[in-house]
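Novice: Take a look at the following structure, please.
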2 protein chains.
Amino acid sequence: VRATYILGRDGGAVDVSDRGLAYGDGLFETMLVRTGRVQRLALHFDRLRQGCDRLALPLPETSELLSRIEGAAATVDNGNLKLILTRGVGPRGYAPPAKATPTVILLPASASVSPAPTLEVATLEMRLAENVKLAGIKHLNRLEQVLAQVELANLDADEGLMLSTSGAVIGGTSRNLFAVFGQSVKTPLVDRAGIAGVMRRAVLERCTELGIHAIECELGPEEIARADEIFMTNALVGIQSVSRVDGTALASDAVATRLNLSFGPPESPAVDG
Amino acid sequence: VRATYILGRDGGAVDVSDRGLAYGDGLFETMLVRTGRVQRLALHFDRLRQGCDRLALPLPETSELLSRIEGAAATVDNGNLKLILTRGVGPRGYAPPAKATPTVILLPASASVSPAPTLEVATLEMRLAENVKLAGIKHLNRLEQVLAQVELANLDADEGLMLSTSGAVIGGTSRNLFAVFGQSVKTPLVDRAGIAGVMRRAVLERCTELGIHAIECELGPEEIARADEIFMTNALVGIQSVSRVDGTALASDAVATRLNLSFGPPESPAVDG
């Protein structure tokens, strides 16, 4: 499938009839760039492809897409590259056009802010709605995260702890969560709400390589309260240890430290949704 | 608050960094236009204002907004006007900018297709997630409706019947639903999922004027199955009687007919999300 490409470094514009604007009908990826190269591109691309499957959205021709991504990343030294993929311009109405021409927007950004080593986290009132058809993928319907950030701005915390409407712990506003209990690492399932983060997947794989027992499972707030250690992950800022949850200090940062040593230090810009 | 206005009749473009595109961070209204004037403008404007409150989104200065709407509608004879209001251009990240300059996009369209008098409806597998913070308002996060239309395209039906994830009947993909039981008219609550349609509100008010007992309440699929009559509403196509639900014929169209006579016949274009 041929796509319309827009490189948005210095401005750039999208048709007012693009379905990404009309309905949030699309996906995005926010990728870390170091010395002009996208980090963990295969994982980002894999999630993008899964998102296309779930939304019945045509994936643009792969070799051109990858070469455009590499070209945009090459314009950045250290920073990030945001990719937005939409179903493209369409007629009015929710029904997708029979033959969509996807729009791909590439937004490279240089950035050199260092992430904070630790996070203070506060449980948010804003909940994440549950829909198995939309959970896990990084689609453009992100009002829940926007309203979570509005709430967080009035709290004395760096990140929010978000629960699903049925009360399960899902993660942060723009980070996945891991909780350590003794020798076990647990991260919430993202099959009903939440996003399957690229760094989350990298951490799960690295745990296996390091012989750390790590699983995806349902986690309740009461389990968070008795965790030995909590850390959060994001493709741009890597792994950050949580120092406090709702004011209560965590005892350990041993697993986060071990993983960070294994991956190398995070050197990256501010968090992005 | 000053806004950026974009009139999209013959193309037009939006900044790639607009939050409407990035996160669906905004609202829309699709308004019927007859002889150059928006119908039920006060109801549309009221819902838009409620949406701004809920999303903490600055409402553009009212007199300019209304005059721009009237100006755009005047370019249409019979058709419709779609308005998209976003939080405007912002830096990366879910957190809204401290001072947002909203973007207002006006998309007038001439159209003269007559709506079908009756609808055949099929229950969809696609569910509507429940979030009290987002229910009722007409925000731009509409992937559920898009996927519902993808499903509907493979069914032999004109509209879908959508349930919430907890199993309550909510409405169609782009229509609200009313069910008649004897002398009572019921429409689903939209406080956990769904959109509070302008035509839905107009019908509830008209029922009161006509002495028809009409209430908002929770409705289950089993109640739909034993309704005497079902009709659906939408600001562009008005009131349409439902002839069949999942293949089963409905006995009556008396209330829909009475309401349609009261409002005057629908003369309007194809349905729009």
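Novice: Which one of these is under 26 Å from B:ALA148 (Cα atoms), surrounded by fewer than 16 Cβ atoms within 10 Å (Cβ to Cβ), away from every other protein chain (no Cβ under 14 Å) and free of Cβ contacts under 8 Å to residues at least 60 places away in the same chain: A:ASP46, A:ASP53, A:ASP77?
Specialist: One residue alone meets the criteria, A:ASP46.
Novice: Next question. Among (1) open to solvent by less than 60 Å² (accessible area, probe 1.4 Å); (2) closer than 27 Å to B:VAL237 by Cα; (3) more than 8 Å from every other protein chain (Cβ to nearest Cβ); (4) not hydroxyl-bearing (Ser, Thr, Tyr), where does B:GLY24 come up short?
Specialist: (3)
Novice: Do we find a residue being touching a Lys or Arg at 6+ places or on another chain (Cβ under 8 Å) and over 24 Å from A:ALA129 (Cβ atoms) anywhere in the stretch A:219-231?
Specialist: No, the stretch A:219-231 contains no residue that is touching a Lys or Arg at 6+ places or on another chain (Cβ under 8 Å) and over 24 Å from A:ALA129 (Cβ atoms).
Novice: I would also like to ask the following. If you take the residues in the stretch B:1-21 that are within 22 Å of the chain's Cα centre (by Cα) and more than 7 Å from chain A (Cβ to nearest Cβ), which one is farthest from A:GLN149 (Cα to Cα)?
Specialist: So the residue we want is B:ARG9.
Novice: Are any residues in the stretch A:205-226 free of Cβ contacts under 8 Å to residues at least 60 places away in the same chain and more than 20 Å from the chain's Cα centre (by Cα), and if so, which ones?
Specialist: Hits for the stretch A:205-226 are A:THR208, A:GLU209, A:LEU210, A:GLY211, A:ILE212, A:HIS213, A:GLY220, A:GLU222, A:GLU223, A:ALA225, A:ARG226.
Novice: Another question, then. For the list (1) without any contact (Cβ under 8 Å) to a residue 24 or more places away in the chain; (2) open to solvent by less than 10 Å² (accessible area, probe 1.4 Å), I need the number of the one condition that A:SER63 fails.
Specialist: In the conditions (1) without any contact (Cβ under 8 Å) to a residue 24 or more places away in the chain; (2) open to solvent by less than 10 Å² (accessible area, probe 1.4 Å), A:SER63 misses (2) alone.
Novice: Is at least one residue of the stretch A:4-21 aromatic (Phe, Trp, Tyr) and surrounded by fewer than 19 Cβ atoms within 10 Å (Cβ to Cβ)?
Specialist: Checked against the condition, which is being aromatic (Phe, Trp, Tyr) and surrounded by fewer than 19 Cβ atoms within 10 Å (Cβ to Cβ), the stretch A:4-21 yields at least one hit.
Novice: Within the stretch A:91-98, is there a residue that is farther than 30 Å from B:GLU151 by Cα, among the hydrophobic types (A, V, I, L, M, F, W, C) and either surrounded by fewer than 19 Cβ atoms within 10 Å (Cβ to Cβ) or within 11 Å of another protein chain (Cβ to nearest Cβ) (or both)?
Specialist: Within the stretch A:91-98, none of the residues are farther than 30 Å from B:GLU151 by Cα, among the hydrophobic types (A, V, I, L, M, F, W, C) and either surrounded by fewer than 19 Cβ atoms within 10 Å (Cβ to Cβ) or within 11 Å of another protein chain (Cβ to nearest Cβ) (or both).
Novice: For the structure I just gave you, tell me whether A:THR257 is open to solvent by 50 Å² or more (accessible area, probe 1.4 Å), within 14 Å of chain B (Cβ to nearest Cβ), more than 26 Å from A:ASP77 (Cα to Cα) and in contact (Cβ under 8 Å) with a residue 12 or more places away in the chain.
Specialist: Here the answer is no, as A:THR257 does not meet what is asked.
Novice: Within the stretch B:104-127, how many residues turn out to be open to solvent by less than 60 Å² (accessible area, probe 1.4 Å) and away from chain A (no Cβ under 14 Å)?
Specialist: The number of residues fulfilling the criteria is 5.
Novice: Is it fair to say B:ASP191 is modelled with pLDDT of 95 or more and surrounded by fewer than 19 Cβ atoms within 10 Å (Cβ to Cβ)?
Specialist: yes
Novice: Can you tell me which condition A:VAL146 does not meet? The list is (1) at the interface with another protein chain (Cβ under 10 Å from one of its Cβ atoms); (2) in contact with a strand residue (DSSP E or B) (Cβ under 9 Å, 6 or more places away or on another chain); (3) open to solvent by less than 10 Å² (accessible area, probe 1.4 Å), and all the others hold.
Specialist: Here A:VAL146 clears every test but (2).
Novice: Let me ask something else. Just to be sure I understand the filter: pairs with C-beta atoms under 7 Å, separated by 6 or more residues or on different chains, first member in the stretch B:142-159 and over 20 Å from A:ASN141 (Cβ atoms), second member buried (at least 21 other Cβ atoms within 10 Å of the Cβ) and basic (Lys, Arg). Which pairs pass?
Specialist: Note: pairs meeting the criteria are B:GLU159/B:ARG175.
Novice: Sticking with this one: Do we have any residue at all in the stretch B:154-164 that's of a type in the set (Ser, Thr, Tyr), on the phi < 0 side of the Ramachandran plot and within 11 Å of chain A (Cβ to nearest Cβ)?
Specialist: Yes, because at least one residue in the stretch B:154-164 is of a type in the set (Ser, Thr, Tyr), on the phi < 0 side of the Ramachandran plot and within 11 Å of chain A (Cβ to nearest Cβ).
Novice: Which residue, of B:THR101, B:THR86, is more than 12 Å from every other protein chain (Cβ to nearest Cβ) and β-branched (Val, Ile, Thr)?
Specialist: B:THR101
Novice: Now a separate question. Looking at B:LEU163, B:LEU177, which is the one that is closer than 28 Å to B:LEU143 by Cβ and over 16 Å from the mean Cα position of the chain (by Cα)?
Specialist: It is B:LEU163.
Novice: Would you say B:LEU134 is over 30 Å from B:ARG244 (Cβ atoms), at the interface with chain A (Cβ under 9 Å from one of its Cβ atoms) and either part of a loop (DSSP other than H, G, I, E, B) or not hydrophobic (A, V, I, L, M, F, W, C) (or both)?
Specialist: Against the criterion (over 30 Å from B:ARG244 (Cβ atoms), at the interface with chain A (Cβ under 9 Å from one of its Cβ atoms) and either part of a loop (DSSP other than H, G, I, E, B) or not hydrophobic (A, V, I, L, M, F, W, C) (or both)), B:LEU134 qualifies.
The values are calculated or read from the model by the stated rules, or taken from the named source; none is laboratory data. Source: prediction; values computed, not measured. Please note: Cβ atoms are built from the backbone with ideal geometry, for glycine as well, and neighbour counts cover all protein chains shown. The accessibility values were calculated without ligands, DNA or RNA, using every heavy atom of the protein model including side chains. Shrake-Rupley method; radii C 1.70, N 1.55, O 1.52, S 1.80 Å.
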